[in-house]
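The values are calculated or read from the model by the stated rules, or taken from the named source; none is laboratory data. These figures come from a predicted structure and were not determined experimentally. Every residue, glycine among them, receives a Cβ derived from its backbone with ideal geometry; neighbour counts consider all protein chains shown.
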Amino acid sequence: MKIIGIVNQKGGVAKTTTAVNLAAYLAAQGQRVLLLDMDPQGNATSALGLRDAEAGLYEALGLPGKVSRYIQASVQPGLDVLPATPDLAGAGVELADDPDALSRLLASVNGYDLAIIDAPPSLGPLTVNVLAAAHRLIIPLQAEYFALEGLAGLMETVERVQESLNPQLQVLGVVLTMFDGRTNLAQEVETTVRQHFGPLVFGAVIPRNVRLSEAPSFAQPINLFAPNSLGAAAYQRLAEEVTKRVQKS
Ligand code: ADP
Ligand code: MG
């Protein structure tokens, strides 16, 4: 099982939107996918219709041998979810001394080709656990003026984790999100990001698309909610690129 973390300590850059829709397309393309919601806000959990989960990732961290008990099927065939519950908010204290907790949990998960982890908007213990558990990272960047702001901090944390907890960790790619092609600014940001990261930047660019922002309130990923939208096409293309990169790496 390949483990992919969706990380960026900035909030509102489309981590959750990317985790949910990428996971849904990877499943629709025939892979067995587990989405882990590591953000106490639980937005990925509710976006996939699992609003009332009583127990989930937090409880599973304490009982890794019983993880299958906490995994739920989603509306997308082939996509299962280890949901966030409000208890996860308190986990930061416990996880601060235990950066390998998520890694141990994932070691007892069977039956999936891919795990996609939605990380919270911080560089705290929950995110460090994600970095310690993942083989690969996808970094969503909002196509706006401050896109690269804060990335130095993320990259330093990634390097620290590579040197100690998880030497195999690598960045799989950077994805531009909420791209508004009508503005010069968005195009300038794309040019800057491609200069900075080179071929790490995915060819797929996620447009600003109202269907993507509506889908969570209908508890559906975009491939089910609005399969003919521009947002759907972009995430479908991203999923194809991710599969190719994972196979190569
Ligand atoms: P994060 O998880 O990084 O905090 P979200 O995925 O929750 O970010 O996205 C933040 C907000 O922007 C949400 O309301 C989401 O619906 C919206 N959003 C994300 N991507 C797009 C997009 N491509 N077009 C329009 N709205 C988007
Ligand atoms: Mg989020």
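Residues are listed down the side, and each one gets a yes or a no for (1) surrounded by 14 or more Cβ atoms within 10 Å (Cβ to Cβ); (2) modelled with pLDDT under 95; (3) under 16 Å from Val7 (Cα atoms); (4) within 15 Å of ligand 2 (Cβ to nearest atom):
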{"site": "Leu106", "(1), (2), (3), (4)": "yes, no, no, no"}
{"site": "Pro121", "(1), (2), (3), (4)": "yes, no, yes, yes"}
{"site": "Ala132", "(1), (2), (3), (4)": "yes, no, yes, no"}
{"site": "Ile139", "(1), (2), (3), (4)": "yes, no, yes, yes"}
{"site": "Phe146", "(1), (2), (3), (4)": "no, yes, no, no"}
{"site": "Val158", "(1), (2), (3), (4)": "yes, no, yes, no"}
{"site": "Gln162", "(1), (2), (3), (4)": "yes, no, yes, no"}
{"site": "Gly173", "(1), (2), (3), (4)": "yes, no, yes, no"}
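Do you know which residues across region 26-46 are among the aliphatic types (A, V, I, L, M) and either under 20 Å from Gln9 (Cα atoms) or part of a loop (DSSP other than H, G, I, E, B) (or both)?
Of region 26-46, the ones among the aliphatic types (A, V, I, L, M) are 26-28, 33-36, 38, 44.
Of everything in region 26-46, those that are among the aliphatic types (A, V, I, L, M) and either under 20 Å from Gln9 (Cα atoms) or part of a loop (DSSP other than H, G, I, E, B) (or both) turn out to be Leu35, Leu36, Met38, Ala44.
For region 228-237, indicate whether the set of residues that are part of a helix (DSSP H, G or I), among the small types (Gly, Ala, Ser) and out of contact with any helix residue (DSSP H, G or I) (no Cβ under 6 Å at 6 or more places or on another chain) is non-empty. Lay out the reasoning, then the answer.
Quick first cut of region 228-237, residues part of a helix (DSSP H, G or I) only: 230-237.
Next cut, among the small types (Gly, Ala, Ser) only: 231-234.
Filter once more, so that each one left must be out of contact with any helix residue (DSSP H, G or I) (no Cβ under 6 Å at 6 or more places or on another chain): 233-234.
Yes, some residue in region 228-237 is part of a helix (DSSP H, G or I), among the small types (Gly, Ala, Ser) and out of contact with any helix residue (DSSP H, G or I) (no Cβ under 6 Å at 6 or more places or on another chain).
If Arg208 satisfies every condition in (1) basic (Lys, Arg); (2) more than 10 Å from ligand 1 (Cβ to nearest atom); (3) buried (at least 17 other Cβ atoms within 10 Å of the Cβ) but one, which is the exception?
Condition not satisfied by Arg208: (2).
Within the set of pairs 6+ apart or on separate chains, which have a first residue in region 208-223 that is on the phi < 0 side of the Ramachandran plot, a second that is near ligand 1 (Cβ under 8 Å from one of its atoms) and not in a helix (DSSP H, G or I), and C-beta atoms under 6 Å apart?
Arg208/Met178
Would you check if Pro99 is within 15 Å of ligand 2 (Cβ to nearest atom), part of a loop (DSSP other than H, G, I, E, B) and crowded, with 16+ Cβ neighbours inside 10 Å?
Working: within 15 Å of ligand 2 (Cβ to nearest atom): no; part of a loop (DSSP other than H, G, I, E, B): yes; crowded, with 16+ Cβ neighbours inside 10 Å: yes.
Considered against the rule, which asks whether it is within 15 Å of ligand 2 (Cβ to nearest atom), part of a loop (DSSP other than H, G, I, E, B) and crowded, with 16+ Cβ neighbours inside 10 Å, Pro99 comes out as no.
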